[in-house]
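Note sheet for the following structure.
The values are calculated or read from the model by the stated rules, or taken from the named source; none is laboratory data. Just so it is clear, the model here is predicted, and its values are computed rather than measured. Please note: Cβ atoms are built from the backbone with ideal geometry, for glycine as well, and neighbour counts cover all protein chains shown. Ligands, DNA and RNA are stripped out before the accessible areas are found, and what is left, the full protein with its side chains, is counted by its heavy atoms. Shrake-Rupley method; radii C 1.70, N 1.55, O 1.52, S 1.80 Å.
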Amino acid sequence: MNIWIRQIHRWTAIAFTVVVIANFVALGVGRPVMWLYYVPLLPLAVLLLTGLYLFALPYAVRWRSVPRTG
Ligand code: HEM
C-alpha cells in the first residue's frame, strides 16, 4: 500500500512537471492555452494528498510502535 502511494506520487510528479513545461512552452510560443493553465491542478491535488500521506507515514509508524500501558 505504502509503496503504491509512493509510486503514484513519483509518477504524478513527472506528469505534473510535463504539464507545467507544456504551459511554459505555450507561453513562449506566444499562444497561451487557457485550459492548459488548469490541467496541472489535477496532478497537484493528487500530489498534495499522496504527499501528505507520505509525510504522515513515519509519524504513524512511531505512534503505532509506542508501547501501550495499562
Ligand atoms: C503538493 C504537496 C506535496 C507534498 C505534501 C509532498 C510531500 C512529499 C513527501 C512527504 C515525500 C516523501 C519524502 C520521504 O521520502 O520521506 C515526497 C516525495 C517526493 N515528492 Fe512530493 N510532495 C508534494 C508535491 C510534490 C511535487 C509538486 C513534486 C514534483 C513535481 C513532488 C515530487 C516528489 C518526488 C519525486 C518524491 C520522491 C518519491 C519517491 O521516493 O519515489 N512532490 N513528497
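Summary table below
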{"item": "Condition met for Leu48 (near the ligand (Cβ under 8 Å from one of its atoms) and either open to solvent by less than 100 Å² (accessible area, probe 1.4 Å) or touching a Lys or Arg at 6+ places or on another chain (Cβ under 7 Å) (or both))", "result": "no"}
{"item": "Selection within the range 54-70 - under 25 Å from the mean Cα position of the chain (by Cα) and open to solvent by 80 Å² or more (accessible area, probe 1.4 Å)", "result": "Phe55, Tyr59, Val61, Arg62, Trp63"}
{"item": "Close pairs (7 angstrom Cβ cut-off, 6 or more residues apart or separate chains): at pLDDT 95 or above in the range 19-37, outside any helix (DSSP H, G or I) and within 16 Å of the ligand (Cβ to nearest atom) anywhere", "result": "Val19/Val39; Val19/Pro40; Val20/Pro40"}
